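Participant: Below are the structure tokens for one structure; questions will follow.
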Amino acid sequence: MVAGFLRALSGTAARRANRVSFVSMKPQVVFVLGGPGAGKGTQCARIVENYSYTHLSAGDLLRQERSRKDSESGQLIDTYIKEGKIVPVEITINLLRKAMEDTMQKDEDKFRFLIDGFPRNQDNLQGWTAVMEGKADVRFVLFFDCSNQVCIDRCLERGKSSGRSDDNRESLEKRLRTYLQSTRPIIELYGEQGKVRTIDASRTVDEVFADVRTILDKEG
Ligand code: ADP
Ligand code: C5P
Ligand code: MG
């Protein structure tokens, strides 16, 4: 009896998790990808200042969830982040979905999203498709491309003040491996669909942003 009740309850929770309710416009999404430290967050901040986009960083949402007092996933997220592994998508997609819904419920004109650091592997992509297919349009992928060395240098520099548990050499090696093995194939997949806009991210913030502008001005 108790078991049946719990099953029914988890069935309801599962349905609720899968129900996506956007109030008006269909969300228009730009995925923002690139290696660790490529400058995704920095460029997203510049975009938000200049265009009507809302920035949602999957990593930031996971870190927030990790520090939420009653979180059931906090410990798991903590371990995955230190290990540079990708958190199971059930967790991430719910955080993203909720952030998108909350944004559009507060202001229905805010239907343009930069989704930063997602999808990072096949599991992420499958979770997105399962929950969001038909409910949000993925316009294109902004790909900030730079060498591993630039990624390492920038993350170690950021690590001097970020307080992040993964901005150290050991975690970085793992994050780069994950990026090369799991994320690059996703970028290639979108590339085959003509959806990737690649930017040389190894230059200065202003130079990189000039290219971002050209792309966004053209794509609308
Ligand atoms: P990501 O979100 O891709 O991990 P961030 O935007 O947080 O990257 O940038 C990583 C670090 O590199 C930060 O300390 C940031 O100030 C710095 N940074 C970002 N873009 C550049 C750039 N074009 N040139 C030099 N440093 C940069
Ligand atoms: O994008 P960011 O560098 O903030 O991501 C930090 C970490 O968060 C990743 O290395 C990974 O452990 C986790 N993450 C994840 N799934 C995502 C994005 C981030 O598991 N889609
Ligand atoms: Mg970031």
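The values are calculated or read from the model by the stated rules, or taken from the named source; none is laboratory data. Owing to the predicted nature of the structure, the values given are computational and were not obtained by experimental measurement. Virtual Cβ from ideal backbone geometry, glycine too; neighbours counted across all protein chains shown.
Participant: Among Val150, Val131, Val138, which is modelled with pLDDT of 95 or more and either of a type in the set (Lys, Arg) or not in a helix (DSSP H, G or I) (or both)?
Facilitator: Val138
Participant: Out of curiosity, is Asp116 among the acidic types (Asp, Glu) and either within 16 Å of ligand 3 (Cβ to nearest atom) or at pLDDT below 95 (or both)?
Facilitator: The answer is yes for Asp116.
Participant: Here is a check on your reading of the model: is Leu125 touching a residue at least 24 places away in the same chain (Cβ under 8 Å), buried (at least 17 other Cβ atoms within 10 Å of the Cβ) and within 16 Å of ligand 3 (Cβ to nearest atom)?
Facilitator: So Leu125 fails the test.
Participant: Now a separate question. Within the range 80-95, can one find any residue that is farther than 22 Å from Ile186 by Cβ, touching a His at 6+ places or on another chain (Cβ under 7 Å) and either modelled with pLDDT under 95 or not aromatic (Phe, Trp, Tyr) (or both)?
Facilitator: There is no residue in the range 80-95 that is farther than 22 Å from Ile186 by Cβ, touching a His at 6+ places or on another chain (Cβ under 7 Å) and either modelled with pLDDT under 95 or not aromatic (Phe, Trp, Tyr) (or both).
Participant: Then there's this: When you go through (1) out of contact with any Asp or Glu (no Cβ under 9 Å at 6 or more places or on another chain); (2) without any contact (Cβ under 8 Å) to a residue 40 or more places away in the chain; (3) farther than 16 Å from Leu114 by Cβ one by one for Ala45, which number turns out not to apply?
Facilitator: Unmet condition: (3).
Participant: Still on this structure, please answer the following. Could you say whether any residue in the range 16-34 is among the charged types (D, E, K, R), assigned to a helix (DSSP H, G or I), modelled with pLDDT of 95 or more and surrounded by fewer than 14 Cβ atoms within 10 Å (Cβ to Cβ)?
Facilitator: No.
Participant: Moving on to the next point. Mind listing whichever residues of the range 43-65 are near ligand 1 (Cβ under 10 Å from one of its atoms) and assigned to a strand (DSSP E or B)?
Facilitator: Ser57
Participant: Which condition does Leu156 not pass, out of (1) part of a helix (DSSP H, G or I); (2) out of contact with any helix residue (DSSP H, G or I) (no Cβ under 8 Å at 6 or more places or on another chain); (3) more than 15 Å from Val32 (Cβ to Cβ), if it passes all the others?
Facilitator: Failing condition for Leu156: (2).
Participant: Next up: From the list Asp102, Asp109, which one is charged (D, E, K, R) and modelled with pLDDT under 95?
Facilitator: The match here is Asp109.
Participant: Looking only at residues in the range 68-96 that are surrounded by fewer than 22 Cβ atoms within 10 Å (Cβ to Cβ), within 14 Å of the chain's Cα centre (by Cα) and farther than 24 Å from Gly39 by Cβ, which one is farthest from ligand 3 (Cβ to nearest atom)?
Facilitator: The residue in question is Glu90.
Results for (1) touching a residue at least 60 places away in the same chain (Cβ under 8 Å); (2) over 26 Å from Asn94 (Cα atoms), shown as yes or no for each residue.
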position	(1), (2)
Met132	yes, no
Val138	yes, no
Val141	yes, no
Ser161	no, yes
Arg169	no, yes
Lys195	no, no
Asp206	no, yes
Asp217	no, yes
